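The values are calculated or read from the model by the stated rules, or taken from the named source; none is laboratory data. Only a predicted model underlies this, so the values are computations on that prediction, with no experimental measurement involved. Cβ: placed from backbone, ideal geometry, glycine included. Neighbour counts: every protein chain shown. Accessible surface areas use protein heavy atoms only, side chains included; no ligands, DNA or RNA. Shrake-Rupley method; radii C 1.70, N 1.55, O 1.52, S 1.80 Å.
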Amino acid sequence: MTMKNKVTTAIFPVAGMGTRFLPATKSVPKEIMTLVDRPLIQYAIDEARAAGITEFIFVTSRGKGALEDYFDLAPNLEEELRRKGKTDILKMLEDTNMDSGAIAYIRQHKALGLGHAVWCARRLIGDQPFAVILPDDVISADKPCLQQMVEAYEETGGNMVAAMEVAPERTSSYGILDVENTDGNLLEVRSMVEKPSAGEAPSNLAVIGRYILAPSVLKNLDQMKRGAGGEIQLTDAIAEDLEQNRKVYGYRFQGQRFDCGSKSGFLQATVAYGLARPELRDDLADYLKSIVPGL
Ligand code: G1P
């Protein structure tokens with residue numbers, strides 16, 4: 001892998017209105033909602049950093065100011081913690097600090113779809129491959145999902161999307177892959193389609209919100225073609241790369257994915273991440289056992 005192909009930039013589409021979490025999202029961006037004690041966006045950032053990402057592009061919209069504040073330094077708070085000798089909390093806070101200038105914020109002025117959101121970042125991408133992380137998809141894994149993908153991508157190049165099997169009746173919520181060859185975790189994609197109905201889906205292999213993409217995908221988005229739901233779809237722009245004889249791989253990641261874009265998924269993630277915390281585990285497990293007989 002040459003330096004030129006190293007993946008160092010990630011786009012975080014965070015412009016969505018979060019209507020499924022109203023009324024909370026009237027004033028709190030969905031990405032700031034907390035899983036145990038960390039905002040959703042922090043999990044996405046941690047995963048990106050683990051994969052070697054150093055440049056972070058947030059595609060935001062009106063009302064997302066709390067996200068920018070969250071990534072500011074908090075010198076007064078840090079000073080107060082230092083004074084009180086709360087070194088553990090201070091360390092935890094410092095670990096979330098970002099280098100000055102590492103995050104760029106771009107506004108998506110119109111809600112035209114995920115493809116359009118990613119396209120809004122085009123001027124900051126240049127001719128390098130880049131990652132896209134959808135913070136709604138929280139993935140708990142021994143080796144963070146994007147890191148798994150970056151390692152696989154170093155062998156394959158092309159484009160890569162995280163993939164996972166979903167229940168056949170759920171295909172209409174996802175980008176769905178049609179694959180021709182499988183080599184372990186790596187799937188060679190023949191075509192892909194956004195949100196097909198159960199009867200029309202070529203498989204039940206769904207795209208999950210982690211991508212490593214070639215700049216050609218941004219070029220494809222220049223055409224502003226409308227797809228499923230009348231939106232400009234990222235899936236369609238990746239599929240166009242296939243038509244132009246560029247490769248797309250699905251990567252079956254190790255780990256458990258939570259759909260934190262849904263209330264049920266968010267609650268499940270809250271339980272799972274709570275149980276994974278040594279300081280919460282016993283209390284939470286006892287409570288769950290007490291309310292669910294036979295657990
Ligand atoms: C987006 C993508 C879809 C992908 C999904 C993963 O859909 O358009 O291809 O499968 O994320 O979570 P959304 O959930 O934004 O409707």
Filter result (among the hydroxyl-bearing types (Ser, Thr, Tyr) and open to solvent by less than 50 Å² (accessible area, probe 1.4 Å)) within the stretch 143-172: Tyr153, Thr156, Thr171
Which numbered condition Ala228 misses (of (1) more than 9 Å from the ligand (Cβ to nearest atom); (2) of a type in the set (A, V, I, L, M); (3) open to solvent by 20 Å² or more (accessible area, probe 1.4 Å)): (1)
Pairs, first within 25 Å of Gly261 (Cα to Cα) in the stretch 117-135, second among the acidic types (Asp, Glu), C-beta under 7 Å, six or more apart: Ile133/Glu47; Pro135/Glu31
Members of the stretch 51-79 found to be outside any helix (DSSP H, G or I) and touching a Ser or Thr at 6+ places or on another chain (Cβ under 7 Å), listed by number: Gly52, Ile53, Thr54, Glu55, Ile57
Sole exception among (1) surrounded by 15 or more Cβ atoms within 10 Å (Cβ to Cβ); (2) of a type in the set (Ser, Thr, Tyr); (3) over 18 Å from the mean Cα position of the chain (by Cα) for Ser100, by number: (1)
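Yes or no, residue by residue, for (1) touching a helix residue (DSSP H, G or I) at 6+ places or on another chain (Cβ under 7 Å); (2) part of a strand (DSSP E or B); (3) hydrophobic (A, V, I, L, M, F, W, C):
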site	(1), (2), (3)
Ile176	no, yes, yes
Thr182	no, yes, no
Met192	yes, yes, yes
Pro196	yes, no, no
Glu200	no, no, no
Val207	yes, yes, yes
Arg210	yes, yes, no
Leu218	yes, no, yes
Which numbered condition Asp178 misses (of (1) within 14 Å of the ligand (Cβ to nearest atom); (2) out of contact with any Pro (no Cβ under 9 Å at 6 or more places or on another chain); (3) open to solvent by less than 70 Å² (accessible area, probe 1.4 Å); (4) of a type in the set (Asp, Glu)): (2)
Residues that are of a type in the set (A, V, I, L, M, F, W, C) and either open to solvent by less than 50 Å² (accessible area, probe 1.4 Å) or in contact with a Leu (Cβ under 9 Å, 6 or more places away or on another chain) (or both), drawn from the stretch 1-23: Val7, Ala10, Ile11, Phe12, Val14, Ala15, Phe21
Residues of the stretch 39-81 satisfying the condition of being without any contact (Cβ under 8 Å) to a residue 24 or more places away in the chain, more than 14 Å from the chain's Cα centre (by Cα) and either surrounded by 12 or more Cβ atoms within 10 Å (Cβ to Cβ) or closer than 25 Å to Thr270 by Cα (or both): Gly65, Asp69, Ala74, Leu77, Glu78, Glu80, Leu81
Count - residues of the stretch 244-268 that are in contact with a helix residue (DSSP H, G or I) (Cβ under 9 Å, 6 or more places away or on another chain), over 16 Å from Val207 (Cα atoms) and away from the ligand (no atom under 11 Å from the Cβ): 4
Per-region count, the stretch 109-142, residues open to solvent by 20 Å² or more (accessible area, probe 1.4 Å) and either in contact with a helix residue (DSSP H, G or I) (Cβ under 6 Å, 6 or more places away or on another chain) or under 21 Å from Ile32 (Cα atoms) (or both): 8
Neighbours by Cβ (under 6 Å, 6+ apart or cross-chain): first from the stretch 206-219, more than 20 Å from Arg190 (Cβ to Cβ); second in a strand (DSSP E or B) and open to solvent by 10 Å² or more (accessible area, probe 1.4 Å): Gly209/Asp137
